[in-house]
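What follows is a set of notes on a single structure, which appears directly below.
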Amino acid sequence: MAFTLRGDDVCQRTTPTPISNPYWVAFSSSAAQLIELPLSPNDLPNDQRWLELLAGNTLDVQDRQFSEPISTAYSGHQFGVWAGQLGDGRAILLGDVNSQELQLKGAGITHYSRMGDGRAVLRSSIREFLCSEAMHSLGIPTSRALSVVGSRQSVRRETLETAAVCSRLAPSFIRIGHFEHFASLQNVVRLKELADLLIADHYPECLDSQEPYLDLFKKICIRNAKLVAQWQSVGFCHGVLNSDNISALGITMDYGPFGFLDQFQIDHICNHSDHAGRYAYHRQPQIMHWNMACLASAMLPLLELDHSVDESQTLLRTALETFPVSYTSEWQKLFRAKLGLQSPQDGDVQLIEKLLQAMHDSRVDYSNFFRSLSAIKKNSQVHEIPFRDRFIDRVQIDHWFSDYLLRLQSELPNDEARSIGMNLINPKFILRNHLAQAAIDKAQLDDFSEIATLLQILSHPYDEQMQFNAYAEPPPDGIEAVAVSCSS
Ligand code: AMP
Ligand code: MG
């Protein structure tokens with residue numbers, strides 16, 4: 001819903017810079033439905049007006065005019081260090097469509113571009129497009145992607161590449177970094193406007209609260225805690241969990257060098273610029289908690305409107321502890337469900353942790369292993385269990401399977417019901433890096449068919465889709481554990 005704050009310290013009017021000879025690369029009908037866009041992929045080749053709009057070449061489409069495109073100011077911590085002012089360096093908010101904000105990423109220089117060119121390359125735009133839509137279909141809160149528009153215009157990165165514009169949708173793109181921005185300017189009036197806008201549009205349940213800002217903080221913590229638990233559950237690594245990339249709505253956003261786990265390695269780092277592994281898979285929960293501490297500190301002046309400094313700090317410090325509590329409870333809920341365990345029992349957490357340790361030790365394919373668990377029956381024999389031979393330490397995993405089979409005896413649902421439930425939480429299809437790369441390689445030769453195929457498969461990640469079994473396979477030997485660079 002509309003970002004209604006105005007003023008030089010908040011945003012700047014920014015007209016997209018046109019690109020030459022735009023063409024369709026990708027389009028999501030499902031995202032189009034969200035904004036009731038009267039376009040289907042079949043109409044695309046004929047629809048020059050929407051192409052020009054989503055390329056940033058016009059602000060008029062049909063009877064609609066986006067008369068006030070803006071880029072917004074935010075600040076933040078990057079890799080744990082205060083980075084000062086950042087802002088939408090290559091994102092332009094066109095306006096609202098059906099309660100969704102429509103943003104163009106890569107549509108040229110903005111007031112906040114600093115040394116950057118305001119552009120995005122084709123490769124990263126395709127990755128963001130596919131992953132946004134894949135995450136949505138996995139049931140994980142995320143910004144959506146409507147389209148990718150390509151151009152022959154070149155962009156300099158490590159090599160010369162071509163530019164593209166990705167259009168994205170979200171109820172709001174407000175980040176933790178927006179709060180940090182106003183806090184760093186010591187502008188309590190703006191902080192209050194920002195918090196009030198979020199409450200009015202996205203957290204109306206805080207309206208009647210005695211402590212609206214404290215409640216808002218808690219709710220942002222809870223949403224983000226649940227979000228990270230979902231990431232861990234499907235093996236998603238964000239790659240750059242800087243506070244300027246963290247949503248105030250608890251949605252996944254700013255897809256960069258993200259990756260889904262192929263082989264399970266608990267400390268997997270997907271971003272090859274992240275030398276210290278700050279954003280490794282197992283650190284994501286702790287880092288999100290750290291980002292919530294940044295938010296707490298930025299929101300402190302709001303609490304001080306009604307409380308002493310000491311009281312405000314105590315209230316926020318206590319509220320911050322809702323994060324680990326919510327995270328742990330969500331993580332346990334999701335991982336129990338991944339194992340097909342309905343009612344919690346003592347020992348479940350140890351069972352899950354032992355499995356993850358064994359998977360890590362043998363670098364077992366994360367998604368495939370969990371998916372295969374649904375084939376286990378209460379009366380299965382350990383030696384006939386699928387994937388057993390993928391573990392190097394057979395004694396360790398046989399031990400685990402014996403414990404698991406014993407645990408299944410106390411589950412009420414029959415094998416079939418349990419298996420159906422497990423297949424609704426353990427996806428068969430995820431956006432593996434090598435799949436995205438294959439689609440990108442083709443797109444660079446002007447063949448966009450693989451993007452459409454992947455989009456279709458990833459729209460039903462929990463379905464068998466037997467004809468696409470090859471897309472559920474781990475990467476071929478030699479290209480596993482690809483790390484992706486930030487330079488996009
Ligand atoms: P990211 O890590 O992609 O979220 O970007 C971090 C910051 O750098 C944000 O403020 C971006 O807007 C900005 N940025 C990234 N790439 C570019 C670019 N090519 N031109 C201008 N700003 C950029
Ligand atoms: Mg960002």
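Sort out which residues of segment 384-406 are open to solvent by 100 Å² or more (accessible area, probe 1.4 Å) and either under 16 Å from SER372 (Cα atoms) or in contact (Cβ under 8 Å) with a residue 12 or more places away in the chain (or both), and write them in order of number.
Once the filter is applied, which keeps residues that are open to solvent by 100 Å² or more (accessible area, probe 1.4 Å) and either under 16 Å from SER372 (Cα atoms) or in contact (Cβ under 8 Å) with a residue 12 or more places away in the chain (or both), segment 384-406 yields GLU384, ASP389, ARG390, ILE392.
Among the residues of segment 270-296, those that are crowded, with 17+ Cβ neighbours inside 10 Å and closer than 16 Å to GLN232 by Cα comprise CYS270, ARG278, TYR279, ALA280, TYR281, ARG283, GLN284, PRO285, ILE287, MET288, HIS289.
Residues of segment 377-433 that are hydroxyl-bearing (Ser, Thr, Tyr) and in a helix (DSSP H, G or I): SER402, TYR404, SER419. Here ALA443 meets the list (1) modelled with pLDDT of 95 or more; (2) in contact with a Cys (Cβ under 7 Å, 6 or more places away or on another chain); (3) more than 30 Å from ARG336 (Cβ to Cβ) almost entirely, failing just condition (2). Beta carbons closer than 8 Å, at least 6 apart along the sequence or on distinct chains, pair a first residue in segment 79-99 that is within 15 Å of ligand 2 (Cβ to nearest atom) and charged (D, E, K, R) with a second that is open to solvent by 20 Å² or more (accessible area, probe 1.4 Å) and in a strand (DSSP E or B) for ARG90/LYS105. Only a single item in (1) under 30 Å from ILE420 (Cβ atoms); (2) at pLDDT below 95 is not met by LEU341, and it is number (2). Just one of the numbered conditions (1) under 25 Å from GLN78 (Cβ atoms); (2) open to solvent by less than 10 Å² (accessible area, probe 1.4 Å) is not true of VAL148: (1).
When segment 436-469 is filtered for residues that are among the charged types (D, E, K, R) and more than 23 Å from PRO257 (Cβ to Cβ), the ones remaining, listed by number, are ASP446, ASP447, ASP463, GLU464. Residues in segment 260-269 that are open to solvent by 10 Å² or more (accessible area, probe 1.4 Å) and in a loop (DSSP other than H, G, I, E, B): ASP262, GLN265, ILE266, ASP267, HIS268, ILE269.
Taking segment 229-259 as the search range and keeping residues that are at positive phi and either within 9 Å of the chain's Cα centre (by Cα) or within 16 Å of ligand 1 (Cβ to nearest atom) (or both), which one is surrounded by the most Cβ atoms within 10 Å (Cβ to Cβ)?
If we take residues in segment 229-259 being at positive phi and either within 9 Å of the chain's Cα centre (by Cα) or within 16 Å of ligand 1 (Cβ to nearest atom) (or both), then GLY239 is surrounded by the most Cβ atoms within 10 Å (Cβ to Cβ).
Residues being over 19 Å from ALA55 (Cβ atoms) and either in contact with a His (Cβ under 8 Å, 6 or more places away or on another chain) or away from ligand 1 (no atom under 11 Å from the Cβ) (or both) are entirely absent from segment 104-111.
The values are calculated or read from the model by the stated rules, or taken from the named source; none is laboratory data. Keep in mind that this is a model prediction, so the values were computed, not measured. Methodologically, a virtual Cβ is constructed for each residue, glycine included, from the backbone with ideal geometry; neighbour enumeration extends over all protein chains shown. Accessible surface areas use protein heavy atoms only, side chains included; no ligands, DNA or RNA. Shrake-Rupley method; radii C 1.70, N 1.55, O 1.52, S 1.80 Å.
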